[in-house]
Amino acid sequence: MPKIKTSWIVIGVLVIIVIWAWSGYNGLVASDEKVASQWANVESVYQRRLDLIPNIVNTVKGSAAQDEKIFTALAEARSKYAGSTSIDAKAAAAGEVESAIARLLVIVENYPELKSQESFQALIAELEGTENRISVERMRYNEAVRAYNTLIRKVPRNIIANLFGFGRHDLFEAAEGADEAPVVDFAE
C-alpha cells in the first residue's frame, strides 16, 4: 500500500508541475502577443501620419516652393520608415519624420496666407490629433513591454521563459537628439 500512495503523490506532483508550466507558458505567450499588438497600434498611427504628409506637403508646396529641401527631407524620412524592419529602426526613422515635420511647420510660419487656408488648417488639426495618438500608443506599448519584461524576469516564470526562449523586448525610446528643438536656418 505505501508504494501505491507514493505513486499517487508523485503523479499528483507531476500533474501540478505540468499544469503550472502550461499555465506559465500560456501567460508568457499572451503577454508577448500583447506587446506585438501594441507595437502594431503604434505602427498604425505612424502610418496615418505618413499618409497625411503628402497632403500637407502638396498644400505647402504651392506657397513655399523655394523651401524644397524640407520636402526632400520629408520624402526621405518617409522612405526610410517604410524600409525599416526592426522596432529600433522604425523608431529612429519615425524620429526623423517628426524632425522633418517640425521643420516644415516652422517654415509654414512664414506664410500667413497658407496658415489661413481651411484645407491646410484641417490637415494640421489631423496631424496634431495623430501626434497625440502616437504618444498614447507609444505609452501603451511601453506599458505592455514593461509588464512582459517583468513577467519573464520573475521567479518561477523566468525558468519557463528561458526554457522556451522568451526574450526581452526593448522599450520605445526617443531618438537621439529628440530632446533638442530642430534648427531651421533660412539663410541656406
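A short reminder: the numbers here are calculations on the coordinates, not readings from a lab. Here the structure is a predicted model, which means the values were calculated and not measured. All Cβ positions, even for glycine, are placed from backbone atoms using ideal geometry, and neighbour counts span all protein chains on display.
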Query raised in the report: If each residue's Cβ is checked for other Cβ atoms within 10 Å, how do 5, 90 rank with the fewest at the top?
Result: 5, 90
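Suppose the chain between residue 29 and residue 6 were pulled fully straight at 0.36 nm per residue; how much longer would it get relative to their current alpha carbon spacing?
Difference between extended and current length: 4.8 nm.
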Query raised in the report: Assuming R0 = 22 Å, what is the FRET efficiency of residue 155 and residue 37, from their Cβ-Cβ distance, to the nearest 0.05?
Result: 0.25
Report summary line: Note on the stretch 54-149: C-alpha Rg/Rh, Kirkwood Rh, two decimals, gives 1.05
Query raised in the report: Assigning unit charges at the beta carbon (Lys, Arg +1; Asp, Glu -1) and nothing else, what dipole magnitude in debye, to the nearest 20, does the stretch 34-143 show about its Cα centre?
Result: 280
Query raised in the report: What is the Cα convex hull volume of the chain when expressed per residue in Å³?
Result: 117
Query raised in the report: From a point 7 Å beyond the Cα of residue 44 in the direction of its Cβ, which residues of the stretch 121-165 have a backbone N at a distance under 19 Å?
Result: 126-145
Query raised in the report: Hey, what angle do you get for helix 118-153 against the long axis of the chain, alpha-carbon based, 0 to 90 degrees rounded to 10?
Result: 20
Query raised in the report: What value, in deg cm²/dmol to 500, does the helix sum -39500 (n - 2.57) over DSSP H runs of n ≥ 4 give at 222 nm once divided by the residues of the chain?
Result: -27500 deg cm²/dmol
